[in-house]
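Scroll down for the structure; my scribbles are underneath it.
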Amino acid sequence: MPSRPEPTRADLARMIADARRVVVFTGAGISTESGIPDFRSPGGVWSKMKPIYFQEFVGSEDKRREAWTRAFSGRAGWVGREPNAGHMGVARLIHSGKASAVITQNVDNLHQASGVPAEKVIELHGNASYATCLECSLRHELDDLKALYEATGDLPACRACDGIVKTATISFGQAMPAEPMARAQAQTLACDLFLVLGSSLVVYPAASFPLVAKRNGARLAIVNREPTEIDEYADLVLHDEIGPVMTQAAPANQAGPN
């Protein structure tokens, strides 16, 4: 029996064109093309510095100081970059009405920077571009916190309740946010095409959403440079660069819903 031909970017473009409601799921791989390092690969963030667990941050002033020193120095490299062609392709899908939401594991704010409305971005692991109070949830801007820290040396504290302030990321050991997880579940169950871009699909519970979509009857497409554990369940798999793929699969004249 002859082997099936390898899928192409054009095949993905047709799959997107045929879909009525796409949900896009993004991981670190979409942002590496903007120069943001991923987390787990050799040379990634966690090979250069040990993660600070949530319980350590809350329980130790020294750990909080270490975490804020990292954040203010930009050592992790999670913020301060520009969206790339992959992000812009996702933004076109959203603005055309073809895609209803972006579920992201990333904390870099690049989907919003590419023009996706904030309410369309579901951040499972939070956002590194600002901070929040762990007591009252008040938002704090990093520039304001950095200026005060450099002037006084005092650790950031909430201006409203004096509670502990932390970057708005979800740390190891910290509970996943209930509201984004519920929104992601609802979007996943409502789509007819679930498009994974740049995720190795090894971090749960986030990585469960593609199979939830597939089992609910949606088609599943995965674009990632390396194979994933669920490639065998996908309707289309491309081991390719995301920017060029999305430039072709989500062109500037992308049509809206059928």
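Derivation of every value follows stated rules applied to the coordinates shown; laboratory data play no part. As the structure is a prediction and not an experimental result, all values here were calculated from the model. All Cβ positions, even for glycine, are placed from backbone atoms using ideal geometry, and neighbour counts span all protein chains on display.
The order of the peptides 93-103, 14-24, 146-156 by mean Cβ neighbours within 10 Å, most packed first, is 93-103, 14-24, 146-156.
Compared with the dominant principal axis of the Cα atoms in the chain, helix 178-190 is inclined by about 10°. Taking the Cα centre of region 95-148 as reference, the dipole from Cβ charges on Lys and Arg (+1) and Asp and Glu (-1) amounts to some 260 debye.
Using 0.36 nm per residue of separation minus the Cα-Cα distance, give me the extension gain between Gln248 and Glu232 in nm, one decimal.
Here the answer is 3.4 nm.
The overall shape of region 183-258, judged from the alpha-carbon gyration tensor, is oblate: a/c is not under 1.5, and a/b is no greater than b/c. Centre-to-centre separation between the Cα atoms of region 148-214 and those of region 95-127: 12 Å.
Taking +1 at the Cβ of each Lys and Arg and -1 at the Cβ of each Asp and Glu, which of Cys133, Ser200, Leu238 sits farthest along the dipole of the chain towards its positive end, judged by Cα position relative to the Cα centre? Going by the Cα projections, it comes out as Leu238. Legend: ranking of residues Arg219, Arg81, Arg65 from fewest to most surrounding C-beta atoms inside 10 Å; resulting order Arg65, Arg81, Arg219.
Can you tell me the 0 to 90 degree angle between the C-alpha axis of helix 9-18 and the longest principal axis of the chain, rounded to 10? Tilt relative to the chain: about 90 degrees.
Between (i) 24; (ii) 45; (iii) 32, which matches percent of Cα pairs over 29 Å apart calculated for the structure shown? Calculated percent of Cα pairs over 29 Å apart: the matching label is (iii). Assuming charge only on the beta carbon of Lys and Arg (+1) and of Asp and Glu (-1), the dipole of region 59-165 about its Cα centre is about 460 debye to the nearest 20. Toward the positive end of the charge dipole of the chain, with +1 on the Cβ of Lys and Arg and -1 on the Cβ of Asp and Glu, the farthest Cα among Leu220, Gly86, Ser31 is that of Leu220. Using only side-chain charges placed at the Cβ, +1 for Lys and Arg and -1 for Asp and Glu, the dipole size of region 154-245 relative to its Cα centre rounds to 300 debye. What pairs from Lys50/Lys146; Lys120/Lys214; Lys50/Lys166 go past 19 Å between their alpha carbons? Those over the limit are Lys50/Lys146; Lys120/Lys214. List the residues of region 131-163 whose backbone N lies under 13 Å from a point placed 7 Å from the Cα of Val58 along the Cα-to-Cβ direction. Flagged as within label range: 134-136.
Only bridges with both residues in region 148-258 count here: give the DSSP antiparallel percent, nearest 5. Within region 148-258, antiparallel bridges account for around 10 percent of the total. Annotation for Glu135 and Arg14: the two label points, set 7 Å from Cα along the Cα-Cβ direction, are 6.0 nm apart.
Build a GNM of the chain with springs between Cα atoms under 10 Å apart, and of Asn106, Asn127, Asn216 the one that fluctuates most is Asn216.
So for the chain: antiparallel DSSP bridges make up what percent, rounded to the nearest 5?
Rounded to the nearest five, the antiparallel share is 30 percent.
Each residue, Ala175 and Leu211, gets one label point 7 Å from its Cα in the Cβ direction; the gap between the two is 2.5 nm.
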